[in-house]
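**Q** Pasting in a structure now, in structure tokens, and then I'll have a few things to ask.
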Amino acid sequence: QVQLVESGGGLVQAGGSLRLSCAASGRTFSTYVMGWFRQAPGKEREFVAYISRSGSSTRYADSVKGRFTISRDNAKNTVYLQMNSLKPEDTDVYYCAAGRAVATSKEWYDYWGQGTQVTVSS
């Protein structure tokens, strides 16, 4: 069992930056692939980025590539999402997730945080 708690969301102007953090409980953090997803009201939860167990492999959605960076610190049981050059269309609730395999599909992720709101004003 893994419990995930996101933080770092908020309101930012377009072009600004935010850094999301996701702290995990338990001693098995390094055995999970970690992902970030986002969801707007009435829409499907969509993939943003994932990072492999060791941190050596990452993948991003095309919409955030070059602007967002995912990283992890296994000693601190924490995964991060650095978001730069934010756009109004990045406004969503952002969720971190722990999964069994490197995958963009949410079905491969077993544990989810409660979400943190990111709002980008124009």
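The values are calculated or read from the model by the stated rules, or taken from the named source; none is laboratory data. Keep in mind the model is a prediction, meaning the values are calculated, not measured. Using ideal geometry, Cβ is built from the backbone for each residue, glycine included, and neighbour counts are taken over all protein chains shown. Surface areas here come from the heavy atoms of the whole protein model, side chains and all, with no ligands, DNA or RNA. Shrake-Rupley method; radii C 1.70, N 1.55, O 1.52, S 1.80 Å.
**Q** Would you call Q1 assigned to a strand (DSSP E or B) and either in contact with a strand residue (DSSP E or B) (Cβ under 8 Å, 6 or more places away or on another chain) or among the aliphatic types (A, V, I, L, M) (or both)?
**A** Here the answer is no, as Q1 does not meet what is asked.
**Q** Specify the residue that is nearest to the chain's Cα centre (by Cα); the eligible residues are those in segment 43-53 that are closer than 20 Å to G115 by Cα and in a loop (DSSP other than H, G, I, E, B).
**A** Residue satisfying both the conditions and the ranking: R45.
**Q** When Y95 is evaluated against the numbered criteria (1) over 17 Å from T119 (Cβ atoms); (2) touching a residue at least 40 places away in the same chain (Cβ under 8 Å); (3) open to solvent by 20 Å² or more (accessible area, probe 1.4 Å); (4) aromatic (F, W, Y), which criterion, by number, is the only one it fails?
**A** The single condition Y95 does not satisfy is (1).
**Q** Any chance you could count how many residues in segment 68-92 are over 12 Å from the mean Cα position of the chain (by Cα), in contact (Cβ under 8 Å) with a residue 24 or more places away in the chain and open to solvent by less than 50 Å² (accessible area, probe 1.4 Å)?
**A** Looking only at that region, the number is 4.
**Q** Can you tell me which residue in segment 7-62 is surrounded by the most Cβ atoms within 10 Å (Cβ to Cβ), limited to those that are under 17 Å from K106 (Cβ atoms) and of a type in the set (K, R)?
**A** Among those residues, the one meeting the criterion is R38.
**Q** Right, something else. I'd like the full set of residues that are hydroxyl-bearing (S, T, Y), under 17 Å from S52 (Cβ atoms) and outside any strand (DSSP E or B), limited to segment 68-105.
**A** Of everything in segment 68-105, those that are hydroxyl-bearing (S, T, Y), under 17 Å from S52 (Cβ atoms) and outside any strand (DSSP E or B) turn out to be T104, S105.
**Q** Does S56 meet the test of being of a type outside the set (K, R) and assigned to a strand (DSSP E or B)?
**A** No: the conditions fail for S56.
**Q** Same structure again: Output the number of the condition that K65 fails; it satisfies all remaining conditions of (1) in a strand (DSSP E or B); (2) open to solvent by 40 Å² or more (accessible area, probe 1.4 Å).
**A** So K65 meets the others, but not (1).
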